Amino acid sequence: MADTVDLDVTDEGVATITIDRPDRLNALNVPTLHGIEAALEDAEDADARVLVLTGAGDDAFVAGADISYMVDMDTAEAQAYAELGHGVANAIESFPAPVIAAINGYAFGGGMELALACDLRVASERAVLGQTEIDLGIVPGWGGTQRLPRLVGDETARRLVYFGDRMDATDAHEAGLVGEVVAHDELDDHVAALAGDLAAQPATALRAAKEAINQSHETGLAAGLDFEARTWAGLFGSHDQREGMQAFLDDRDPDFE
Ligand code: COA
């Protein structure tokens, strides 16, 4: 794995990927992107029940794609870089277990796009977020034009992309971009508690829920409902389904796998 990406997995199945390039505010260069891909594969191999994505240091989640790498790229190189970024964001989005972005500071450009690919976003009150590419004479290229409108609605997304606004955490919360905002020095504990709660959920059902909700971004309603019915039915006969329902009938706490 790249030395700019760390992976930790607890006994409870909480994996944490930390993008660790603080002297560049965790900006994403090619080795770091490959490092995230490798860390995602390792976390999946470790059967993580929940994954946290965060940035090292006190200032940045990820301050974007590495501008010093991009400055002289031609169209073919830019296409390859877009595909690499898409691959990483897609791998986060399709990671089997839920992924929480712990946004501990700046999340600009490609950093915000990685956060958009996560299931849930928790921001420090010191976080600042933005699709700031317009200031560099480009547009979001790692999913921002597609995932942002799905999350915050079309007009809000257009305003953010057209003007490159840098939003504080409160405004990001009001826009629906982050699910919650917490005090900066409480972020780690808060995210650990949230991750612990998710890790205690029945893992197979949680994975099924993620897959079905992800599917809603891919299909029309009829195909999505078909997918949901198959997902739902596929859970019957599982240990957790039998146990969850029997525990309710027995008036006791379930003992999930
Ligand atoms: N790519 C490459 N290097 C970056 C970077 C990026 N996206 N973001 C920050 N850095 C580097 C800076 O060049 C600087 O390097 P240096 O110490 O060699 O000069 C270092 O990280 C620290 O950043 P600096 O700008 O000095 O910190 P700051 O606290 O004054 O400002 C930001 C922080 C995040 C506001 C500012 O760095 C910034 O606007 N970054 C670019 C954000 C952006 O446009 N991202 C979208 C890219 S698609």
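Screening the range 84-130 for residues that are under 10 Å from the mean Cα position of the chain (by Cα), assigned to a helix (DSSP H, G or I) and among the hydrophobic types (A, V, I, L, M, F, W, C) and picking the one that is nearest to the ligand (Cβ to nearest atom) gives M112.
In the condition set (1) surrounded by 13 or more Cβ atoms within 10 Å (Cβ to Cβ); (2) closer than 23 Å to L114 by Cβ, E218 is compliant with all but (1). Scanning the range 157-182 for residues that are out of contact with any strand residue (DSSP E or B) (no Cβ under 9 Å at 6 or more places or on another chain) and either closer than 20 Å to A60 by Cβ or part of a loop (DSSP other than H, G, I, E, B) (or both) yields a single hit, G176. Inspect the range 34-48 for any residue being open to solvent by less than 30 Å² (accessible area, probe 1.4 Å), in contact with a Phe, Trp or Tyr (Cβ under 9 Å, 6 or more places away or on another chain) and outside any helix (DSSP H, G or I) and give the result as yes or no. Yes; the residues of the range 34-48 include at least one that is open to solvent by less than 30 Å² (accessible area, probe 1.4 Å), in contact with a Phe, Trp or Tyr (Cβ under 9 Å, 6 or more places away or on another chain) and outside any helix (DSSP H, G or I).
Here A76 meets each of (1) hydrophobic (A, V, I, L, M, F, W, C); (2) within 16 Å of the ligand (Cβ to nearest atom); (3) under 22 Å from I138 (Cβ atoms); (4) open to solvent by 10 Å² or more (accessible area, probe 1.4 Å) with one exception, condition (2). The test for being away from the ligand (no atom under 16 Å from the Cβ) and either in contact with a Pro (Cβ under 6 Å, 6 or more places away or on another chain) or of a type in the set (V, I, T) (or both) does not hold for T145.
If you go through the range 159-169 and keep only what is open to solvent by 30 Å² or more (accessible area, probe 1.4 Å) and within 18 Å of G111 (Cα to Cα), you end up with Y162, F163, D165, R166, D168. Given the structure, is R126 open to solvent by 40 Å² or more (accessible area, probe 1.4 Å) and touching a His at 6+ places or on another chain (Cβ under 6 Å)? So R126 passes the test. If you go through the range 184-226 and keep only what is more than 18 Å from the chain's Cα centre (by Cα) and part of a loop (DSSP other than H, G, I, E, B), you end up with A200, Q201, P202, T219, G220.
The values are calculated or read from the model by the stated rules, or taken from the named source; none is laboratory data. Since we're looking at a predicted model, the values are computed, not measured. No Cβ is skipped: glycine too gets one built from the backbone with ideal geometry, and neighbour counts run over all protein chains shown. Surface areas here come from the heavy atoms of the whole protein model, side chains and all, with no ligands, DNA or RNA. Shrake-Rupley method; radii C 1.70, N 1.55, O 1.52, S 1.80 Å.
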